[in-house]
Amino acid sequence: METPRQYLRRRSTTPHIALSSQWLPTVFVILTPQYISSLSIANISLTSMPRIIRIAAAQVGAIHRSDARQNTLTRLISLLDEASSKGAQIVLFPECTLTTFFPRYLFTDDAELESYFEHGDVLTSENTKPLFDRAKELGIDVCIGFAEATEEGDHYNTCVYYHAASGSILSKYRKIHLPGDVEPFPEPDAVNQLEKRYFKPGNLGFKAFRVPDLMDATPEHGEPIFGMMICNDRRWAEAWRCLGLQGVEVVFTGFNTPGFAPQMWGASVDVDPQEARAEAIFHHKLVMQAHSYTNACFSVSAARCGLDDGKYDLIGGSTIVGPNGKIIAESKTEEDEVIVASCDLDLCLPGKTRTFDFGRHRRIEHYGILASQTGVIEPPRLSPTAVNEKTNEVTTTNPTNVSDDTDTTTLPSVTGPPSPKLTRILLINPNSTPSMTTACLTLLAPTLPPNVSVTGFTAPRPSPSAIESHSDNIMSAATCARAILPIADQYDAFLVACYSEHALITLLREELEQPVIGIMEASLFAARTLGGRFGIISISQRARYQLQDSVRHYGLAPFCAGVRSCNLGVLGLESKPQDEVKEVMCEVARALVSKDGADVVVLGCAGMVGMKGAVEEAVGRGQGCGWG
């Protein structure tokens, strides 16, 4: 018997009777070539072949950490056979289909971690080859997700589109929007999502592609246009619009979504598990339906679901959604299950040519913020923000109030063109004390130009709460690097907010192309522009000696009036009464100016930022005061 693909191709060039798509599975069985040739067609009007594709989503139930690869592969092949029996031309499998969803675990054994990744060519690997061989035998295309290890040693959350007719991979996509964290939650019973630890963000973009052999191309439309995304990508409108702007007609999305993960969602741990589960399913369907509608395309989603290891709950909800946003087919279980629907791609046309006719209705001159900004930048507050640090009174300035004796002679000048590009800086606090990050951002906020955005990063555990030794330095550098490198491409520059020659500075400079500087190096060179001799307020005697070494290392010893210690300790800046801290710091600052001859005072710890105003008052506003 001919395959569904062969039948559709032959029928597209043979006079035929127009049939409802719901009859297609039956047609494959009863309309043999002999029967068709016996029909009298002389008086039957000819119709154009509908652009109908039969698509299946293969939902996969629980896969445990201890399950053998071969057993899982056998289940997948069984689902493939079932889809074939239902007339499917394409089968979508879930994200990371071949194993349990391993990013929930913290691995200490590298060999065990690597066992979850596919190495080399998946078409020839013993772990995957039987699935693709069976797909080719059945004449069914396959879209499947897996963990990919490249020859260069990089790791990605990947899916591929396998074209059965040619026996080749037509397209590959690597997950871009990685959710979760690098470090696990401190709660022992929390459901972790460590994709940022195990995967790099995808580097292939959102590329639509055409697929031959599913139907004969027409002069009006050509071959069908497909796109792929993975799990969390489906929540981001930008991903869908990238594909929509390429005319995508079907979007394939495999996913693993927890039914209960309050820490990951930022919700209360007291939320009712059933309510949380219902909300997770609602949000899944919401994004699939809404974005199918706003991009006038079909979408297919396949879940990896069930109760992994008897305790990790993953939702089902595999769906096939039409371009009107309505669900055509939906899974009924949370076990291995195949859903199938006949998708008429011509149903995309009303949306693409009217409501969402991008060429006529989009106004890209107003969308610049989408490509230039990552984090949220709120509009200025309506309440005053300029406050006198001494009196706490709001000060009002009038920049247009120019005295009569002002020299208004125009001097020659040049100005560069205005730039809409936002410069994004990541301020890195390499210790795990969030209040220090907040203090840095608070001090920076009033000084930033409108096209500069600074995002605060606080080191996750097990980074120490303060950096006061070489061991603290190395531990925090390693922890921060693991968290920052996967997101580094989102930023234009990096500022390490630790007043030392922190190891993270050198590490990031080796790994990244963007500029990296520490606050100590930046403040010392800035101090040289403000006066002749600078003095540094150190947090402790140990830090004092380290700072003296660093000043010599930077070649600035001739310009350093001295380094004096407060003998407080980093955490003492917060734990001790603020009046006591202020008194000690001001006393040290006065000594640097009156006894050592400094005309610029540098605060030698990021935790000192809140004392800048008090120190300036103590030494006199004529003396410059910079913070580290």
**Complete:** Apart from one, (1) assigned to a loop (DSSP other than H, G, I, E, B); (2) more than 27 Å from the chain's Cα centre (by Cα) all hold for residue 84; the odd one out is (1)
**Item:** Index of the failed condition, residue 100 passing every other in (1) β-branched (Val, Ile, Thr); (2) surrounded by fewer than 19 Cβ atoms within 10 Å (Cβ to Cβ); (3) closer than 19 Å to residue 254 by Cα
**Value:** (2)
**Request:** For the range 148-161, state whether one or more residues are touching a helix residue (DSSP H, G or I) at 6+ places or on another chain (Cβ under 8 Å) and either under 19 Å from residue 75 (Cα atoms) or among the charged types (D, E, K, R) (or both).
**Result:** no
**Message:** If residue 78 meets every condition in (1) of a type in the set (Ser, Thr, Tyr); (2) over 17 Å from residue 340 (Cβ atoms); (3) in contact (Cβ under 8 Å) with a residue 12 or more places away in the chain apart from one, which number is that one?
**Reply:** (2)
**Item:** Any chance residue 285 is of a type in the set (Lys, Arg), assigned by TED's automatic domain parsing to the domain that holds residue 264, over 21 Å from residue 61 (Cα atoms) and in contact (Cβ under 8 Å) with a residue 12 or more places away in the chain
**Value:** no
**Prompt:** Of the residues 335, 279, which is assigned to a helix (DSSP H, G or I), in the same structural domain as residue 236 (by TED's automatic domain parsing) and out of contact with any Pro (no Cβ under 7 Å at 6 or more places or on another chain)?
**Reply:** 279
**Message:** Can you tell me how many residues within the range 592-628 are of a type in the set (S, T, N, Q) and either at pLDDT 85 or above or not assigned by TED's automatic domain parsing to the domain that holds residue 537 (or both)?
**Reply:** 1
**Prompt:** Does residue 467 qualify as being outside any helix (DSSP H, G or I) and farther than 21 Å from residue 434 by Cα?
**Reply:** no
**Item:** helices (runs of 4 or more DSSP H) fully within the range 108-218 counting 2 or more residues that are surrounded by fewer than 16 Cβ atoms within 10 Å (Cβ to Cβ)
**Value:** 110-114, 129-138
**Asked** Which residues, taken from the range 119-136, are modelled with pLDDT of 95 or more and touching a Lys or Arg at 6+ places or on another chain (Cβ under 7 Å)?
**Response** 123
**Message:** Looking at the range 219-275 only, could you name the residues that are among the aliphatic types (A, V, I, L, M) and either not in a helix (DSSP H, G or I) or not assigned by TED's automatic domain parsing to the domain that holds residue 103 (or both)?
**Reply:** 225, 228, 229, 230, 245, 248, 250, 251, 261, 267, 269, 271
**Message:** Suppose the filter is aliphatic (A, V, I, L, M), outside the structural domain of residue 180 (by TED's automatic domain parsing) and out of contact with any helix residue (DSSP H, G or I) (no Cβ under 7 Å at 6 or more places or on another chain); does residue 493 pass it?
**Reply:** yes
**Request:** Select from the range 71-81 the residues that are within 21 Å of residue 160 (Cβ to Cβ) and either over 31 Å from the mean Cα position of the chain (by Cα) or not assigned by TED's automatic domain parsing to the domain that holds residue 302 (or both) and write down the one among them that is surrounded by the most Cβ atoms within 10 Å (Cβ to Cβ).
**Result:** 80
**Prompt:** Checking residue 310 against (1) at pLDDT 95 or above; (2) surrounded by fewer than 17 Cβ atoms within 10 Å (Cβ to Cβ); (3) closer than 22 Å to residue 61 by Cα; (4) not hydroxyl-bearing (Ser, Thr, Tyr), which single condition isn't satisfied?
**Reply:** (1)
**Prompt:** Of these, 415, 455, 406, 410, which one is modelled with pLDDT of 85 or more and either hydroxyl-bearing (Ser, Thr, Tyr) or within 21 Å of residue 608 (Cα to Cα) (or both)?
**Reply:** 455
**Message:** Just to be sure I understand, how many residues within the range 325-374 are surrounded by 11 or more Cβ atoms within 10 Å (Cβ to Cβ) and more than 30 Å from residue 60 (Cβ to Cβ)?
**Reply:** 19
**Prompt:** Of these, 543, 589, 557, which one is under 17 Å from residue 502 (Cβ atoms) and not assigned by TED's automatic domain parsing to the domain that holds residue 434?
**Reply:** 543
**Prompt:** residue 476 fails exactly one of the following numbered conditions: (1) farther than 24 Å from residue 425 by Cα; (2) at pLDDT 90 or above; (3) not aromatic (Phe, Trp, Tyr). What is the number of that condition?
**Reply:** (1)
**Prompt:** In the range 425-464, how many are surrounded by fewer than 22 Cβ atoms within 10 Å (Cβ to Cβ) and assigned to a strand (DSSP E or B)?
**Reply:** 9
**Request:** Could you tell me whether the range 530-545 includes any residue that is under 23 Å from residue 428 (Cβ atoms), of a type in the set (A, V, I, L, M) and within 37 Å of the chain's Cα centre (by Cα)?
**Result:** no
**Asked** Quick check, is residue 507 modelled with pLDDT of 90 or more and assigned to a helix (DSSP H, G or I)?
**Response** yes
**Prompt:** Does residue 555 count as modelled with pLDDT of 85 or more and under 24 Å from residue 423 (Cα atoms)?
**Reply:** no
**Request:** Could you look through the range 489-531, keep only residues that are crowded, with 22+ Cβ neighbours inside 10 Å and small (Gly, Ala, Ser), and pick out the one that is nearest to residue 437 (Cα to Cα)?
**Result:** 497
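The values are calculated or read from the model by the stated rules, or taken from the named source; none is laboratory data. Source: prediction; values computed, not measured. Ideal geometry is used to build each Cβ from the backbone, glycine not excepted, and the neighbour counts take in all protein chains shown.
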